[in-house]
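The values are calculated or read from the model by the stated rules, or taken from the named source; none is laboratory data. All figures in this text were calculated on a predicted structure; none of them were measured in a lab. Cβ atoms come from the backbone with ideal geometry, glycine included; neighbour counts cover every protein chain shown. The protein model used for the area step is the full one, side chains on, heavy atoms only, and it has no ligands, DNA or RNA in it. Shrake-Rupley method; radii C 1.70, N 1.55, O 1.52, S 1.80 Å.
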Amino acid sequence: MIKRPYWYQTAVFYELYVRAFADSNADGHGDLRGALTRLDYLADLGVNCIWLLPTFPSPLVDDGYDIADYYGVHPTYGALDDFKALIDAAHARGLRVIADLVLNHTSDQHPWFQASRRRQDPYSDYYVWSDSNETYSDARIIFLDTEPSNWTWDEARGQYFWHRFYRQQPDLNFDNPAVQEEMFKIARFWMDLGLDGFRADAVPYLFEREGTNCENLPETHAYLRRLRAMMEAEYPHAILLCEANQWPEDVRPYFGGDLADPTAPGDAFHMGFHFPVMPRLYMALRRGDRSPVVEIMQRTPAIPANCQWCTFLRNHDELTLEMVTEAERQWMWQQFAPEPRMRLNLGIRRRLAPLLGNDRRQIELLNSLLFTLPGSPIIYYGDEIGMGDDIWLHDRNGVRTPMQWDASRHAGFSEAETVYAPVISDAVYGYQRVNVAAQISNPTSLLRRMRQFIAAYKAEPALALGDLAFIDHPDRALLAFRRSHERTTLICLHNLSPRGVRIDLPTTHDLLADVTWAEGSMTLPPYGYRWLRVA
Ligand code: NOJ
């Protein structure tokens, strides 16, 4: 018998980029001690679990997803003691902490890779080498704007090495049992520091097989199940969150269990990001038509009862458009990335508020969907105050600028002369206007609204655990659905249009406004939303 709910099924997550959050030693870079000083802010916001982006020693070609040492901390972020202190301080406030586990690749500066460049070396087989750059030619290129191929020639070894991301990020060879074992060791090391689990990076690509697209292979699933079995045996409280940017039916196997038996518990990932619903939230809103969201949710298979989806509006990467059709992608680019610089690879390098023209109603509406559709919501740091971006910064750095705490110099992020990236300071999104301190003292701010969302979400288990049923309505601008759990039925209403929409309702209690609406018809204002409990 599975006992629900597990903590992660009802949790609100917060994605924290350490470099951007708070600088404790005035070197211009955020660090672990700095993040520690801001934990009370997160506790007050009401989130349950922090996801820390990578803080390993790294040449930072891919901002730390290129790891040079799995057992350390990048000196600008602090040291292992600081990592442990951050986890302990979070736990003391009732916050959990997960961190990235980067399985697929290392930095080319990792000693394993340097050793692997010598054919006679014991590490020679740690990476994927080939005499031909035509091996695995059915695999797509992910970092399309930078990499012409998944193979790069290595002069020292006289062979090509395989990489799904930057050429400075060679893929590990998971066919090598020693590599498989190394990853278990690394997972144990970080779990022993007190983590509550991992966000496992780029998991679809662990194994390669000729004649396939090298994604979601059976060998990959088998390895990930072994990882879960180890975690389950040694760290049963911890979670594994799957980063697989795939269609829902292709993510389903990452939860494990038995595809033919919906009652069988999951035995792979506890959680998985729901990538495809994300762009469709923006699409539905801009079109004023619920269909894209309804269709993708209807295409989403059931997951085992001990699992949960993770939903998000934005993260530290570009808003990915991999899980839409070519025509939809072109439309999304036209609508949300009219300037070429806003586009990156198959996505859009912008934050939530600028994507929505800083329209407060639309920002709230998408957040309302984040909290009311199935899945545990993840908030990307800064989006809770409507931070802006800087499309002119390199790669995805424009959505990774310093957190805006107050109106003082460098937004209260750092006391250094210069900081790692310019603080947003334009007339609309600049820290002088958009900052935590100002929004805490303003009862109608976005931040205060986000706190309300989180509090209401935590108070009403049907939002996290309820079944989903869409409500039909002749006006397609109305995205309405029921969430039913035990004896509770919620009706969640979202008006995707800039005009009023009318709907007939039974008597309900409004969870956000804390009022009761008598049976009858209700007009939702432009971009309005309601979370209603049926009496
Ligand atoms: C996904 C991460 O979110 C992204 O930032 C990174 O570049 C790739 N995986 C490669 O690790």
Kindly provide the set of residues from segment 73-111 that are away from the ligand (no atom under 16 Å from the Cβ), open to solvent by 10 Å² or more (accessible area, probe 1.4 Å) and assigned to a loop (DSSP other than H, G, I, E, B), ordered by number.
VAL73, PRO75, THR76, GLY78, ALA79, ARG93, GLY94
Complete set of residues in segment 267-289 that are over 19 Å from the mean Cα position of the chain (by Cα) and crowded, with 23+ Cβ neighbours inside 10 Å:
ALA284, LEU285
Looking at segment 112-226, what strands (runs of 3 or more DSSP E) fall wholly within it and have at least 1 residues that are assigned by TED's automatic domain parsing to the domain that holds ASN315 and modelled with pLDDT of 95 or more?
197-201
Any residue that is in a helix (DSSP H, G or I), farther than 13 Å from ASN315 by Cα and more than 16 Å from the ligand (Cβ to nearest atom) - is there at least one of those in segment 384-393?
yes
Of all the helices (runs of 4 or more DSSP H) wholly in segment 277-372, which have at least 1 residues that are within 30 Å of PRO5 (Cα to Cα) and within 16 Å of the ligand (Cβ to nearest atom)?
277-287
Only residues that are within 25 Å of ALA480 (Cβ to Cβ) and surrounded by fewer than 23 Cβ atoms within 10 Å (Cβ to Cβ): list them for segment 333-364, please.
GLN335, PHE336, GLY357, ASP359, ARG360, ARG361, GLN362, ILE363, GLU364
When you look at ASN245, is it touching a residue at least 60 places away in the same chain (Cβ under 8 Å), open to solvent by 10 Å² or more (accessible area, probe 1.4 Å) and either in a loop (DSSP other than H, G, I, E, B) or in contact with a helix residue (DSSP H, G or I) (Cβ under 8 Å, 6 or more places away or on another chain) (or both), yes or no?
yes
Looking for whichever is touching a residue at least 24 places away in the same chain (Cβ under 8 Å), open to solvent by 50 Å² or more (accessible area, probe 1.4 Å), within 21 Å of ASP359 (Cα to Cα) and assigned to a loop (DSSP other than H, G, I, E, B) here; the options are PRO443, PRO498, PRO526. Which one fits?
PRO498
Checking the conditions here, which among ILE503, ILE491 is touching a His at 6+ places or on another chain (Cβ under 8 Å) and either surrounded by 13 or more Cβ atoms within 10 Å (Cβ to Cβ) or not aliphatic (A, V, I, L, M) (or both)?
ILE503
Would you be able to tell me the number of residues in segment 394-428 that are hydroxyl-bearing (Ser, Thr, Tyr), farther than 17 Å from SER24 by Cβ and without any contact (Cβ under 8 Å) to a residue 12 or more places away in the chain?
1
Scan segment 36-58 for residues that are touching an Asp or Glu at 6+ places or on another chain (Cβ under 9 Å) and either open to solvent by 20 Å² or more (accessible area, probe 1.4 Å) or over 23 Å from MET271 (Cα atoms) (or both) and jot them down.
LEU36, PHE56, PRO57, SER58
